[in-house]
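**Student:** Before I ask anything, here is the structure I am working with.
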Amino acid sequence: MSTQQQEQPDTQEAPADPEMKGAESPQQERLEKKEQGLAEAESVDESDVEGESVHLKVFRYDPEVSGKQEPRFDEFHVPFEKGMTVLDALIFARDEFDSSLTFRHSCRQAICGSDAFFINGSQRLGCKTQISALQQPIRVEPLPHQEVVKDLVVDMDHFYDQMHAVEPYFQQEDLPEGELEEQRQDRENREKVKMSTRCIWCGACMSSCNIAAGDNQYLGPAAINKAYKFAMDEREDEEIKEHRLRILEQEHGVWRCQTQFSCTEVCPKDIPLTEHIQELKREAVKKNLKFW
């Protein structure tokens, strides 16, 4: 191709590269596609990003779009910034490269629990996981053992059903008559259940549990931890506590736990889930409840 430049009007800026005259940069091309709603899920080359970049390999799947129904991985290179999290990188990839990339997120402060992913082979919160702490390429997948709805979004209905199955609300049959009085809890009892209250319903523990993967009826570590919070609360009657323990000592309850500690290892709030499950087993034995 000839390198001779044609005369340009004074008001027109000459292309930086004479050989690329009339051609758009990759970034400009993607931007125009994005504005026209034509952006497609495609790999983004590292050469398109200036400076240090983050290499992402993101799981993609869309059952409603022809040609995207076969699971695959798309690669993205996004500019790295100090303090960047996996969620930050995903948001950049979605906003700048492919608007069809789908994942859940909300608070971005490890409180809502909506952005739990399978990152480099482990269940983690995207907003809490630092890019600098991971080996690249960073592989981001949906939570295992759950049905994938689209890309990194999984169906959480079964998880929520298990959480509600343990009746996760305070119950007190013998309330004072007339005007209700404050139901006080002493500090020692509060300390006992404090860690269990940190659960943010992210589903990471359930996803890591091998028992839950093979037993769809197993309550799971998150639901059992939620029951622990109420079963160990001194403000509930003994009858209510026994009722909760009967729910937990069923065939698909605490006795299915094989004490592998996988749930405890992945919990983003450092809840001693396995320890709580073992304590409920001991309580069930004390109450002479049937166990399997």
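**Student:** Treat each spin label as a single point 7 Å out from the Cα along the C-beta direction, and report the SER106 to ASP270 distance in nm.
**Tutor:** The answer from the label model is 2.4 nm.
**Student:** Can you give me the accessible area per residue for segment 108-222, using a 1.4 Å probe, in Å²?
**Tutor:** On the way: 6290 Å² over 115 residues.
Using a 1.4 Å probe on heavy atoms only, each residue of segment 108-222 averages 55 Å².
**Student:** Need one word for segment 215-292: rounded, prolate or oblate. Basis is the Cα gyration tensor (sqrt eigenvalues a ≥ b ≥ c); a/c below 1.5 gives rounded, then a/b vs b/c decides. Don't skip to the end; give the middle numbers.
**Tutor:** Details: a/c = 1.99, a/b = 1.33, b/c = 1.49.
It comes out oblate by the Cα gyration axes.
**Student:** Evaluate the charge dipole of segment 50-153 about its Cα centre and quote only its size in Debye, nearest 20, assuming +1 on the Cβ of each Lys and Arg and -1 on the Cβ of each Asp and Glu. Please report the intermediate quantities before stating the final value.
**Tutor:** Details: 12 positive and 16 negative charges, 79 e Å.
Using only the charged Cβ atoms, the result is roughly 380 debye.
The values are calculated or read from the model by the stated rules, or taken from the named source; none is laboratory data. Bear in mind the structure is a predicted one, so any value in this text is a computation, not a measurement. Cβ atoms come from the backbone with ideal geometry, glycine included; neighbour counts cover every protein chain shown. Side chains included, ligands, DNA and RNA excluded: accessible areas come from the protein's heavy atoms. Shrake-Rupley method; radii C 1.70, N 1.55, O 1.52, S 1.80 Å.
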